[in-house]
Amino acid sequence: MSLTPRTRGVPGLAVVMAIHNGARFLAESIESILNQSIRDFEFIIIDDGSTDASPQILAKFAVSDSRIRIITQVNAGLTASLNRAIDSTDAQIIARMDGDDIAHPARLAMQLAHLEAHPEVVCLGSRVELIDDLGAQVDRHEHPLTHEEIGRDLLRGIGWSIVHPSAMFRREAFERAGRYDTRYRTGQDLDLFLRLAEIGRLANLPEKLLKYRQHPASTNFTKDQKATLLKRQMVAEACVRRGLPSPDESQLVFFPRRPLAEQHRRWGWFALRDGNSKAARHHALRSLAHSPMSMESWKLLLCGVRGR
């Protein structure tokens with residue numbers, strides 16, 4: 001385990017990120033934070049036992065920018081890593097970021113301004129643009145904006161009502177809510193947001209302040225069946241805390257894991273409708289790699305070549 005020296009005069013904001021073998025998109029993600037319109041923040045990155053080129057990329061950035069502090073550890077998972085990152089700073093505002101996403105240059109400034117103007121808000125996200133591994137837009141989703149809308153979604157098990165790497169929250173509320181629960185190696189965002197909703201208000205900004213990357217290696221596509229069971233448990237515990245009836249199974253939302261061939265086709269058709277034939281061809285070929293006899297995948301490829 002190693003850790004770079006702590007910066008003197010820690011600012012009021014810390015951006016926290018945890019990386020495990022995320023070299024492919026890491027530099028672009030880090031640069032999007034370093035290039036924010038505000039500069040007074042600490043950037044804490046946990047290298048959670050990476051065995052790829054991530055440590056070298058992190059070391060290069062740490063040398064060139066004093067705001068970055070790297071903590072290296074054996075693999076402990078996202079939940080423990082985020083708790084450790086937050087423990088390592090005195091900052092009173094915490095912003096999340098993941099190593100495969102891209103932050104809008106004004107993201108931190110706009111979120112800080114909103115929290116300052118709305119002291120009742122304990123956690124603030126934003127709408128996001130869904131992109132693929134090439135950076136092409138592959139879907140649209142209008143996330144809810146108000147506390148009431150977000151709260152209803154959370155009780156249905158929809159943790160991404162606030163997209164985790166878009167979240168900015170108050171340190172004091174995080175501690176009062178019980179921090180990230182180490183029982184949960186996945187879905188820790190749903191559990192935390194449910195708890196934060198019980199002590200303050202949640203919100204999303206309407207602006208798309210994060211490019212949220214979708215790809216087969218991302219957490220969304222590698223969660224196992226246990227995550228579904230944990231979702232039930234998290235919502236049930238929230239209902240107990242609030243004195244509500246146990247959740248009706250039919251009211252919970254579960255997002256099915258599609259076969260990769262089907263998922264690439266969905267992304268490819270969206271890209272084509274969005275006018276991006278290059279991305280459509282890319283996903284058609286990826287789909288065919290998983291399902292070479294699929295007529296739908298061949299149709300997508302043909303349309304991608306034609307550009308329509």
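The values are calculated or read from the model by the stated rules, or taken from the named source; none is laboratory data. Nothing here was measured: the structure is a model prediction, and the numbers come from that model. Glycine also receives a Cβ, built like all others from the backbone with ideal geometry; neighbour counts cover every protein chain displayed.
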How many residues, within region 62-106, are in contact with a Pro (Cβ under 7 Å, 6 or more places away or on another chain) and either among the hydrophobic types (A, V, I, L, M, F, W, C) or farther than 27 Å from His215 by Cβ (or both)? 2
Got a number for residues in region 114-151 being at pLDDT below 95 and either among the hydroxyl-bearing types (Ser, Thr, Tyr) or more than 24 Å from Phe270 (Cα to Cα) (or both)? 0
Restricting attention to region 204-220, and to residues there that are more than 13 Å from the chain's Cα centre (by Cα) and more than 28 Å from His114 (Cα to Cα), which single residue is modelled with the highest pLDDT? Pro216
Mind listing just one residue for me: the one in region 12-47 that is among the small types (Gly, Ala, Ser) and part of a strand (DSSP E or B) and, of those, surrounded by the fewest Cβ atoms within 10 Å (Cβ to Cβ)? Ala14
Have a look at Gly243, Gly200, Gly268 and point out the one that is of a type in the set (Gly, Ala, Ser) and at pLDDT below 90. Gly268
Examine region 142-154 for a residue that is closer than 27 Å to Ala85 by Cα, touching a Phe, Trp or Tyr at 6+ places or on another chain (Cβ under 8 Å), touching a residue at least 24 places away in the same chain (Cβ under 8 Å) and assigned by TED's automatic domain parsing to the domain that holds Asp40, and state whether such a residue exists. yes
It is to be established whether one or more residues within region 151-163 are polar (S, T, N, Q) and in contact with a helix residue (DSSP H, G or I) (Cβ under 7 Å, 6 or more places away or on another chain). yes
Can you confirm whether Phe255 is assigned to a helix (DSSP H, G or I), among the aromatic types (Phe, Trp, Tyr), closer than 14 Å to Gln214 by Cβ and modelled with pLDDT under 80? no
Quick check on region 227-236: of everything there that is of a type outside the set (A, V, I, L, M, F, W, C) and in contact (Cβ under 8 Å) with a residue 40 or more places away in the chain, which residue is farthest from Leu78 (Cα to Cα)? Arg232
The one condition in (1) at pLDDT 95 or above; (2) among the basic types (Lys, Arg); (3) touching a helix residue (DSSP H, G or I) at 6+ places or on another chain (Cβ under 7 Å) that Arg185 fails to fulfil: (1)
Return the only residue of Ser81, Ser88, Ser54, Ser64 being surrounded by 19 or more Cβ atoms within 10 Å (Cβ to Cβ), more than 16 Å from the chain's Cα centre (by Cα) and not charged (D, E, K, R). Ser54
